[in-house]
Amino acid sequence: MNTIAKTKQRLSVKAQILAGLSAVVAAIALPQILHILGASTGLGSSLGEIFLPMHLPIMLVGLMAGPFAGAAAGLAAPLLSSLLTTMPAAGILPFMMIELCVYGLAAGALRSVNIPTVLKVLITQVAGRAVRAGAICLAVCAFDYDKIGVAVIWTSITAGLIGIALQLVLIPLIMYRFDGIKSK
């Protein structure tokens, strides 16, 4: 077993908590930065829908600190953001919580798997989007949830293609640097 895999297995609870809290702070701050930029340029909140700023820190914390830290940060970040900033809106909040929780959990579960990081990110993206789509379909079709429609599933994917691509590029680069630091 290589040094990096051993280091990943020995991450303390304190380190996981600190990593999770850092991810929550980043997942709240990054969208606000984009909303400020959007407001100043006249684009409104569309920058958040395009760049998916909450997803990046949640996937990273899962890959760096494991499934517990990833899932907990994924649940907490949208809830705290909504309470502090009213974004995400109440109608989409439960689905974002589910999606981000799955991102953190899936990334954390893949953390020590010996496959390229870009593949880990892709699997995580598919898992999070699939579970979110299932939750939305269930809510709309089985429970007559009328705050959103099923069309939001496809719309969010197409609007977020740039963010999805950025995750596939940035996360492997960040993890490469992180793993390089950890092995020194």
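The values are calculated or read from the model by the stated rules, or taken from the named source; none is laboratory data. Predicted, not measured: the structure shown is a model, and the values here were computed from it. When we count neighbours, we look across all protein chains shown, and the Cβ atoms used for this are built from the backbone with ideal geometry, even at glycine. With ligands, DNA and RNA removed, areas are computed over all heavy atoms of the protein, side chains included. Shrake-Rupley method; radii C 1.70, N 1.55, O 1.52, S 1.80 Å.
Counted as qualifying within the stretch 115-184 are the helices (runs of 4 or more DSSP H) with 1 or more residues that are surrounded by 15 or more Cβ atoms within 10 Å (Cβ to Cβ) and among the acidic types (Asp, Glu), namely 161-182. Scanning the stretch 28-51 for residues that are outside any helix (DSSP H, G or I) and open to solvent by 40 Å² or more (accessible area, probe 1.4 Å) turns up GLY42, LEU43, SER45. Just to be sure, is ALA107 farther than 17 Å from ILE157 by Cβ, of a type in the set (A, V, I, L, M), open to solvent by less than 10 Å² (accessible area, probe 1.4 Å) and at pLDDT 95 or above? Considered against the rule, which asks whether it is farther than 17 Å from ILE157 by Cβ, of a type in the set (A, V, I, L, M), open to solvent by less than 10 Å² (accessible area, probe 1.4 Å) and at pLDDT 95 or above, ALA107 comes out as yes.
Here ALA23 clears all of (1) open to solvent by less than 30 Å² (accessible area, probe 1.4 Å); (2) over 25 Å from LEU161 (Cβ atoms); (3) at pLDDT 95 or above except the condition numbered (2). Filtered by the rule that a residue be within 10 Å of GLU99 (Cα to Cα) and touching an Asp or Glu at 6+ places or on another chain (Cβ under 9 Å), the stretch 113-132 gives GLY128, ARG129, VAL131, ARG132. ALA165 meets all of the listed conditions (1) touching a residue at least 24 places away in the same chain (Cβ under 8 Å); (2) closer than 25 Å to LEU47 by Cβ but one, namely (1). The sole residue among ALA19, ALA71 that is on the phi < 0 side of the Ramachandran plot and touching a Cys at 6+ places or on another chain (Cβ under 9 Å) is ALA71. Restricting the stretch 52-87 to residues that are surrounded by fewer than 21 Cβ atoms within 10 Å (Cβ to Cβ) and part of a loop (DSSP other than H, G, I, E, B), the residue that is farthest from the chain's Cα centre (by Cα) is THR86. Among the residues of the stretch 88-100, the ones that are of a type outside the set (Phe, Trp, Tyr), assigned to a helix (DSSP H, G or I) and over 18 Å from GLN167 (Cα atoms) come to 4 in all.
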